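Read through the structure below, which is laid out as C-alpha cells, and then see the notes.
The values are calculated or read from the model by the stated rules, or taken from the named source; none is laboratory data. Quick caveat: nothing in here was measured; it's all calculated off a predicted structure. Here the Cβ positions follow ideal geometry from the backbone for every residue, glycine too, while neighbour counts run over all protein chains shown. All accessible areas refer to the heavy atoms of the entire protein, side chains included, with ligands and DNA or RNA removed. Shrake-Rupley method; radii C 1.70, N 1.55, O 1.52, S 1.80 Å.
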Amino acid sequence: MSIARDKLSEVAVIVPCYNAAKYLARALDSVLSQTHPNFHIYVIDDGSTDETARVMRPYSEYVSWVRQQHAGPAAARNHGISISTERHIAFLDADDFWLPAKLERQIALLKQNPNIGLVCSDCETLKEQKYTGSYFANTKVPATGRLFESLIRDCFIFTPTVLVRRQCLTEVGQFDESLAVSEDFHLWLRIAARWDIAVVPEVLAVREICPEGLSSSTRPEKYLENGIAALENAKSVCNGLSWREARALQKAIAERYYVFGSYLLAGGHPEESRTKLTVSLQRWPTLWRAWVKYGLTMLPGSVSRRLLESRRRSVSAMS
C-alpha cells in the first residue's frame, strides 16, 4: 500500500521491519513526535509473518507501507530509497527509536554546510530493558570533517542516527545486499571517502539489542567474514583516498584478518587460523600480535590452549 501525498517532503524516513510488530509502534511514534515536521515515513515490510499489518492500521494516514519478499535489511532499505523522492534520507530500524529533536538538529547542519554529506549522532543502547550508556560517553567524539580514517579505526556511525543527502547515494550507490551484516559500515565508508561527515555529540537515537534481532542472532564468523568483505570492497571502490587514508584502510584489513585468525585459534582451529593470520601479515608485516598468534598455531593444540588461557587470566586480573 502506498500513500499519495500533496507535496514533497524534505526527509524520507525509511523503516525496514521484519517480524518486529511489538516494537514498530514505538519507532513510528518517535518519528511522528519529531520537532522537525517536514518528513514522510516509508515502512518496508520485509516479509513479516507476525502482527505487523495490525500495528500499521492506525498509521495508514501518515505512512507509505509496502511489502516485499523477505530479503534482509539492506534490500528493504534500498527498496525504501528507490520509492522515495526526498532530498534527505534517514534510517530507523523497527526496534530502535529517536529522540524528538533528532531531525531538527541534523537538518540544520546539512543546510549550514553543503560539503557535509552525512550527519550522525551519539546513540544510547537499550538491552534487557536497561540503558547501558551512550557510545560517545567513553570515547573521543570525532570533529566534523573528513573522517574516513577515524571511521576505518572505529565505526562510530550507528544506522538509526544517520541523516544523509540523496546525492551521496546517487554518487556512491546504495547498501550492498550481498553483505548480511556490515552493509551499513560499508556504505558509510564509501560516503566518507567523498564527503565530510558531521557528528552531533548528543544522544539523538536509541538502539535496542533484542534477542531476536539480527545483531544477536548472527554467528561471529558471519560478522568477521562480512567485516573483511566490506573493507576489501571499500579498498577497490573508494577512489581518491589520500596516502594516509589508504594506509589506514590497509592496516584495518590486516587487523580484521588478525581478529578472525585469533577467533579461529581460540576455537581450536589452528590451520584455518594460520591461513587468516598469513593474510594479515601479508597486508601488514609489522603487526607483531599476528606473528605471536601465528607462532601459536604451530604448537600442539593443548599447549597453545594453555598459553591462551594463561593470557586471558592475566588480562582479566589486570582489568
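Testing LEU8 on (1) open to solvent by 30 Å² or more (accessible area, probe 1.4 Å); (2) among the hydrophobic types (A, V, I, L, M, F, W, C); (3) under 28 Å from GLY145 (Cβ atoms), one condition comes back false. Which one is that? In the conditions (1) open to solvent by 30 Å² or more (accessible area, probe 1.4 Å); (2) among the hydrophobic types (A, V, I, L, M, F, W, C); (3) under 28 Å from GLY145 (Cβ atoms), LEU8 misses (3) alone. Checking each residue in region 259-300 for being outside any helix (DSSP H, G or I), modelled with pLDDT of 95 or more and open to solvent by 50 Å² or more (accessible area, probe 1.4 Å) picks out PRO285, THR286. Among the residues that make up region 99-106, is at least one of them of a type in the set (Gly, Ala, Ser) and within 30 Å of MET56 (Cβ to Cβ)? The answer is yes; a qualifying residue exists. GLY133 fulfils the conditions (1) within 21 Å of the chain's Cα centre (by Cα); (2) closer than 22 Å to ARG165 by Cα except for a single criterion, (2).
Across region 74-104, the number of residues qualifying as within 16 Å of SER30 (Cα to Cα), more than 21 Å from the chain's Cα centre (by Cα) and open to solvent by 40 Å² or more (accessible area, probe 1.4 Å) comes to 2. For region 209-225, the criterion of being within 24 Å of the chain's Cα centre (by Cα), surrounded by 14 or more Cβ atoms within 10 Å (Cβ to Cβ) and over 23 Å from LYS127 (Cβ atoms) is met by at least one residue. The set of residues in region 74-105 that are assigned to a loop (DSSP other than H, G, I, E, B) and either more than 22 Å from GLN34 (Cβ to Cβ) or among the basic types (Lys, Arg) (or both) contains only ARG87.
Of all the criteria given as (1) at pLDDT 95 or above; (2) basic (Lys, Arg); (3) more than 22 Å from the chain's Cα centre (by Cα), the one not satisfied by ARG256 is (3).
Every condition in (1) open to solvent by 20 Å² or more (accessible area, probe 1.4 Å); (2) among the aliphatic types (A, V, I, L, M); (3) part of a strand (DSSP E or B) is met by ALA71 except one, and the failing one is (3).
Could you grab the pairs with beta carbons closer than 8 Å, sequence gap of 6+ or different chains, first residue in region 18-34 and at positive phi, second one open to solvent by 30 Å² or more (accessible area, probe 1.4 Å)? Every condition considered, the pairs that remain are ASN19/THR49; ASN19/ASP50; ASN19/GLU212. For region 152-183, residues that are hydroxyl-bearing (Ser, Thr, Tyr), assigned to a helix (DSSP H, G or I) and within 26 Å of GLU221 (Cα to Cα) total 1. Look at region 90-111: where a residue is in contact (Cβ under 8 Å) with a residue 60 or more places away in the chain and a partner is of a type in the set (Phe, Trp, Tyr) and not in a strand (DSSP E or B), sitting 6+ places away or on another chain with Cβ atoms under 6 Å, you get ALA94/TYR23; ASP95/TYR23.
Which ones in region 25-51 are aliphatic (A, V, I, L, M) and surrounded by 19 or more Cβ atoms within 10 Å (Cβ to Cβ)? Across region 25-51, the qualifying residues are ALA27, LEU28, VAL31, ILE41, VAL43, ILE44.
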